[in-house]
Amino acid sequence: MKIFSIAAFGFFVVSITAVAAPAPKPPKSTPQLIEKGTAAYKANCEVCHGPAGDGMGPAGQALNPKPRNFTEPFKAGKKPEQVFKTISEGLPNTAMVGFAQIPEEDRWGLVYYVLSFDKAAAKKKK
Ligand code: HEC
């Protein structure tokens with residue numbers, strides 16, 4: 001019985017790590033990374049989120065909910081690792097699908113590019 005529970009526990013641990021692997025640690029934001037993110041944004045995100053990141057892209061206007069304006073709060077959080085998860089997995093029941101097919105490095109570039117819209121807004125307010 002004891003052996004069984006140890007085995008079951010081991011299996012449990014293995015399955016959690018497989019399903020809910022913690023998001024990888026954010027790499028440092030560099031100009032090169034943001035450049036990759038900018039290109040990936042133009043190719044994959046701009047139609048909905050708009051060139052200015054304000055959610056006003058042409059393909060987004062008929063959606064409910066509408067694409068996020070990146071200067072507003074994010075449902076799933078604004079920490080780089082949270083935004084990475086959103087970009088990778090999407091948000092359930094919305095047009096925001098996961099983009100796991102984009103290479104991981106480009107997804108991190110997207111994270112920093114997306115967050116840069118908000119920093120620009122914060123600077124303007126000052
Ligand atoms: C088909 C339109 C569409 C495309 C393309 C799209 N998004 Fe979204 N996105 C949405 C919608 C709609 C929401 C808002 C969902 C909600 O309110 O729950 C959203 C929300 C978000 C959010 C906010 C999440 C939160 O926690 O509130 C981020 C960040 C985001 N998108 C990033 C991206 C990135 C990066 C790309 C490109 C790789 C992208 N999106 C492509 C429609 C889109």
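Rule-based calculations on the coordinates, nothing more; no lab input. Nothing here was measured: the structure is a model prediction, and the numbers come from that model. Virtual Cβ from ideal backbone geometry, glycine too; neighbours counted across all protein chains shown.
Rounded, prolate or oblate: which fits the stretch 23-125 when a ≥ b ≥ c are the square roots of the eigenvalues of the alpha-carbon gyration tensor, with rounded for a/c under 1.5 and prolate only if a/b beats b/c? It comes out rounded by the Cα gyration axes. A simple count of charges around residue 70, restricted to other residues whose Cβ falls under 9 Å of its Cβ and scoring Lys, Arg +1 and Asp, Glu -1, yields -2.
Of the cross-linked pairs 28/119; 75/119; 25/124; 25/119; 28/66; 85/123, those separated by over 24 Å at the C-alpha level are 25/124; 28/66; 85/123.
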